[in-house]
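Participant: There's a structure below that I have some questions on.
The values are calculated or read from the model by the stated rules, or taken from the named source; none is laboratory data. The shown structure was predicted, so the numbers you read here are calculated from the model rather than taken from an experiment. Cβ sites come from the backbone with ideal geometry, for glycine too, and all protein chains shown count toward neighbours.
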Amino acid sequence: MACLLKLPANGAKGIITVTTQERDFQIAKDRSLRNRMLGMKDRWIFGLHHNWHDHNFNYDELFDFSMAGDGDLVEVNNKEFSRISLDACNFVPPFFFKKSGEKFWDILYVARAVNFKNIPEFFRVIKNLYTRGHLLRVLFLCPVPPFDPNDKKSVFYGIREEYDRIFTEDEKNIFTLLTMDYRYPFPLDLESLSFFYRSSKVFVHTADDERRCRVAAYAWSSGLPVIGMDCVGSLLPESLRRAPYFYKANSHNDFEGQIIKSLSEISPHEWFDDEINRVFKESEVCSKLAEELEKMATSKNEMYCPGGLFTNNLSIRLGRHHNGVSGPNSVAIKLDQFLARVDNPSIKVQNDVERAFVEEDTEGMDMKKSGVIKRLVNRMFKNDKK
């Protein structure tokens, strides 16, 4: 969503990022919204958070920088652009890093019921393992979107019927498919979700064209080896794309062997937390974000004021959308309304700025109570008066 990272302060511009969905479905279709953003650029730096890799990227100078991983963007006209090599996947909350707990499930998969997740292939892999005598305990957490006939080609609405068709009742006793058709796409709060990660041994991801997947980042942060294709492993630095962190499958036929191999090689002594923490631990990655933002601003001859970053819950906030619909992955106001709130320099709008930020991140209420936002907002407007 339009994510407020930093307010203007001490002569330095504020920083806001928007998502590629907001770019495509609001900014690109509303000339007045684009003009509003252009008119704000004397007070704000705008970033673009890429919610999907884009190998046909057309750089738009409205945005001062992009947020995307290495190899995720290919600019079609060979234009140079600033890129911060982080996105929502890198900011994993602390409760995923707790390593205690019984490992009840052998295999965990967390995926929405959409076709690019290759769920039928996942079912086939598990069925083949059962047929070969590997009676592993599996948990598949699957949010299912509300039915829309226009989405039948992209959503796997028949997931329950396919599960019933493939697996026997005895097999279902050890393979739990938990479909959730409420609060899509995030029916579980992240702390509850982290329990299932900490209670599992390995994580499987059968998508073959998804590079920036938070569910895999949560797995590595929880100490789980990930079995997946090259695209999934791209989230890791090259030095970590190996056992015990990543078991690469060249095709879906490789998953069975790699799952058995990963389970047989699990050893806490070979897992180096420091390596993973540098890539995914929220507290450490936020420091890197601050460094990269300062470097980006300096490269554009912009003043940068250290400190004051709104870094809580970036795992969700960076990728969520202002689309006028209240939900776990969207905000009840649209982008133009949000921008009007944060950029209105009148004293009476201070509470609106604070409220807008809290609406973005309901899990960040503690920041409101601590008065952090209020002090920063007061400082913003005080400086504007000078």
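Participant: Which helices (runs of 4 or more DSSP H) does the stretch 221-301 wholly contain that include 2 or more residues that are touching a residue at least 12 places away in the same chain (Cβ under 8 Å) and farther than 26 Å from Pro93 by Cβ?
Facilitator: Numbers: elements: 230-233, 255-264, 273-280, 282-299.
Where helices (runs of 4 or more DSSP H) fall fully within the stretch 221-301 and carry at least 2 residues being touching a residue at least 12 places away in the same chain (Cβ under 8 Å) and farther than 26 Å from Pro93 by Cβ, they are 255-264, 282-299.
Participant: Considering (1) buried (at least 16 other Cβ atoms within 10 Å of the Cβ); (2) among the acidic types (Asp, Glu); (3) at pLDDT 90 or above, say which one Asp343 fails and leave the rest.
Facilitator: Among (1) buried (at least 16 other Cβ atoms within 10 Å of the Cβ); (2) among the acidic types (Asp, Glu); (3) at pLDDT 90 or above, the lone unmet condition for Asp343 is (3).
Participant: Here is a follow-up. Does any residue of the stretch 183-197 turn out to be touching a Ser or Thr at 6+ places or on another chain (Cβ under 6 Å), at pLDDT 95 or above and not in a strand (DSSP E or B)? Spell out how you get there, then give the answer.
Facilitator: To start, the set of residues in the stretch 183-197 that are touching a Ser or Thr at 6+ places or on another chain (Cβ under 6 Å) comprises 197.
Next, from what is left, pick out any that are at pLDDT 95 or above: 197.
Still in the running and not in a strand (DSSP E or B): 197.
Checking the stretch 183-197: at least one residue is touching a Ser or Thr at 6+ places or on another chain (Cβ under 6 Å), at pLDDT 95 or above and not in a strand (DSSP E or B).
Participant: Also, I was wondering about something else. Which of the residues that make up the stretch 149-166 are surrounded by 16 or more Cβ atoms within 10 Å (Cβ to Cβ) and either in contact with a helix residue (DSSP H, G or I) (Cβ under 6 Å, 6 or more places away or on another chain) or in a helix (DSSP H, G or I) (or both)?
Facilitator: Phe156, Ile159, Tyr163, Ile166
Participant: While we're on this one: Mind checking whether some residue in the stretch 167-180 is within 20 Å of the chain's Cα centre (by Cα), outside the structural domain of Gly69 (by TED's automatic domain parsing), outside any strand (DSSP E or B) and charged (D, E, K, R)? Walk me through it before giving the result.
Facilitator: Here is the first cut: in the stretch 167-180, the residues within 20 Å of the chain's Cα centre (by Cα) are 180.
Cutting the leftovers down to outside the structural domain of Gly69 (by TED's automatic domain parsing) gives us 180.
This time we only want the ones that are outside any strand (DSSP E or B), so: none.
Checked the stretch 167-180: no residue is within 20 Å of the chain's Cα centre (by Cα), outside the structural domain of Gly69 (by TED's automatic domain parsing), outside any strand (DSSP E or B) and charged (D, E, K, R).
Participant: Do you know which residues across the stretch 199-220 are over 16 Å from Pro143 (Cα atoms) and at pLDDT below 95?
Facilitator: Asp209, Glu210, Arg211, Arg212, listed by residue number.
Participant: For the stretch 76-94, does any single residue satisfy the condition of being of a type in the set (Phe, Trp, Tyr), surrounded by 14 or more Cβ atoms within 10 Å (Cβ to Cβ), more than 26 Å from Thr206 (Cβ to Cβ) and more than 19 Å from the chain's Cα centre (by Cα)? Break it down into steps so the answer makes sense when it comes.
Facilitator: Taking the stretch 76-94 as the starting set, the residues that turn out to be of a type in the set (Phe, Trp, Tyr) are 81, 91.
Checking which are surrounded by 14 or more Cβ atoms within 10 Å (Cβ to Cβ) leaves us with 81, 91.
From what is left, the residues that are more than 26 Å from Thr206 (Cβ to Cβ) are 81.
Still in the running and more than 19 Å from the chain's Cα centre (by Cα): 81.
Yes, some residue in the stretch 76-94 is of a type in the set (Phe, Trp, Tyr), surrounded by 14 or more Cβ atoms within 10 Å (Cβ to Cβ), more than 26 Å from Thr206 (Cβ to Cβ) and more than 19 Å from the chain's Cα centre (by Cα).
Participant: Let me ask something additional. Only one of these conditions is not met by Arg112: (1) modelled with pLDDT under 95; (2) within 29 Å of Lys201 (Cβ to Cβ). Which number is it?
Facilitator: Here Arg112 clears every test but (1).
Participant: List every residue pair whose Cβ atoms sit under 9 Å apart, with the two residues 6 or more apart in sequence or on different chains, where the first one lies in the stretch 139-154 and is in contact (Cβ under 8 Å) with a residue 60 or more places away in the chain and in the same structural domain as Glu171 (by TED's automatic domain parsing) and the second, anywhere, is part of a loop (DSSP other than H, G, I, E, B) and surrounded by 11 or more Cβ atoms within 10 Å (Cβ to Cβ).
Facilitator: From the stretch 139-154, the pairs are Leu139/Phe104; Leu139/Ser199.
Participant: Separate question: Exactly one condition in (1) within 23 Å of Ser330 (Cβ to Cβ); (2) in a loop (DSSP other than H, G, I, E, B); (3) touching a residue at least 12 places away in the same chain (Cβ under 8 Å) is false for Lys29; which is it?
Facilitator: Among (1) within 23 Å of Ser330 (Cβ to Cβ); (2) in a loop (DSSP other than H, G, I, E, B); (3) touching a residue at least 12 places away in the same chain (Cβ under 8 Å), Lys29 violates only (3).
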